[in-house]
1. Would you list the strands (runs of 3 or more DSSP E) that sit entirely within region 100-182 and hold 2 or more residues that are in contact (Cβ under 8 Å) with a residue 24 or more places away in the chain, closer than 21 Å to residue 348 by Cα and more than 14 Å from the ligand (Cβ to nearest atom)?
2. Being part of a loop (DSSP other than H, G, I, E, B) and within 13 Å of the ligand (Cβ to nearest atom) is the filter here; which residues of region 188-207 pass it?
3. Are any of the residues in region 42-63 within 20 Å of the chain's Cα centre (by Cα), assigned to a loop (DSSP other than H, G, I, E, B) and within 24 Å of residue 333 (Cα to Cα)?
4. Checking residue 127 against (1) more than 30 Å from residue 300 (Cβ to Cβ); (2) touching a helix residue (DSSP H, G or I) at 6+ places or on another chain (Cβ under 6 Å); (3) surrounded by fewer than 19 Cβ atoms within 10 Å (Cβ to Cβ), only one condition comes out false. Which one?
5. Quick test of your reading of the structure: residue 242 fulfils all but one of (1) assigned to a helix (DSSP H, G or I); (2) within 13 Å of the ligand (Cβ to nearest atom); (3) farther than 22 Å from residue 330 by Cα. Name the failing condition by number.
6. Residue under question is residue 218, and the condition is that it be farther than 15 Å from residue 332 by Cβ, outside any helix (DSSP H, G or I), touching a strand residue (DSSP E or B) at 6+ places or on another chain (Cβ under 7 Å) and more than 14 Å from the ligand (Cβ to nearest atom); does it hold?
7. I need the full set of residues from region 301-336 which are touching a residue at least 60 places away in the same chain (Cβ under 8 Å) and within 16 Å of the ligand (Cβ to nearest atom), in order please.
8. Going by what's in this entry, would residue 234 be described as closer than 24 Å to residue 52 by Cα, surrounded by fewer than 19 Cβ atoms within 10 Å (Cβ to Cβ) and more than 12 Å from the ligand (Cβ to nearest atom)?
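The values are calculated or read from the model by the stated rules, or taken from the named source; none is laboratory data. What you see is a predicted model; the values in this text were computed from it and never measured. Please note: Cβ atoms are built from the backbone with ideal geometry, for glycine as well, and neighbour counts cover all protein chains shown.
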Ligand SMILES: *Cc1c(COP(=O)(O)O)cnc(C)c1O
């Protein structure tokens, strides 16, 4: 029918309605196609909103990613976003109403912390941002208007481990919603806990190749549905091409994560033997203050190593990053290439002097995300920058 019609159409019309290629029934591609279409025409006889209509609202390629992530995280449903920070801000704006209060920790990922401190108050939403070392006093910060506890584990950038069992107990006792940003632990950890909202920056380990920005929230159906309602108006929908790249990246997620963890542990051990390194923070090292807790609640110890150079050598974190040749000086983490950044410049600027000192963020502190390069090449690069082989 349409093919017949085409013959009468002028070039401009034909260019705007390209020939459709159709497959015989049963002649299946191995990969589901990427549905780039922003619009879908509805089928007759099916309720309109049960169908794909408009890709800001829903799209089959994006939905494939959501269903894959929900399955991977052992949750009922998932919604994806155009960034990890969109997942965070949409969560807060969906769950909290004017007049309500949330509890969180100062050790939080900086943009999340700044959104909570500087922007939520515009909506008359208050927050207590407490130190992780005061976690045992958490209940004393709960007020009748408290609705949400939000936390990370391990924290960005200094890899503190949060006692999740304890937070679940507090949340259940006081009837609060518990949300966790588990980006550093990845998608395969912490399923054993009764966490209401599991947030991930997919930009990191999920995509894994450093070419997409995206975020996700997984949880029970009703919570995801209410977050989805708000997300339609905030509009940070994920593009189908980006969703496809993440679905592709996920195929090697476990392989990459395991290998990155193995190398990260060896690098943490190497660094902790160096005189020029004052301290190393890696949950898999016995010297980590919460190593036992990490062993109790984590399957893998992660691919990020934080460390602090000895101030006596006058080699600042920034200078050290510039000296490295293989390990890249850049923001972000969880990629196939190793990435390093000075934590003070990237994560300390909004904190008080006291907070920075207590959190171990200073001109000598660094965060290293370990990639898939050979361990010996990474160590050679670190040695050269530490002046051990020059
Ligand atoms: C990177 C990151 C985010 C933000 O994710 P984007 O995809 O960069 O927006 C949120 N939380 C943590 C812990 C992160 O590391």
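1. Counting at least 2 such residues, we get 126-130.
2. Passing the criteria: 202, 203, 204, 205, 206, 207.
3. No: region 42-63 contains no residue that is within 20 Å of the chain's Cα centre (by Cα), assigned to a loop (DSSP other than H, G, I, E, B) and within 24 Å of residue 333 (Cα to Cα).
4. (3)
5. (3)
6. Criteria met by residue 218.
7. 302, 303, 304, 305, 306, 332, 333, 334, 335
8. yes
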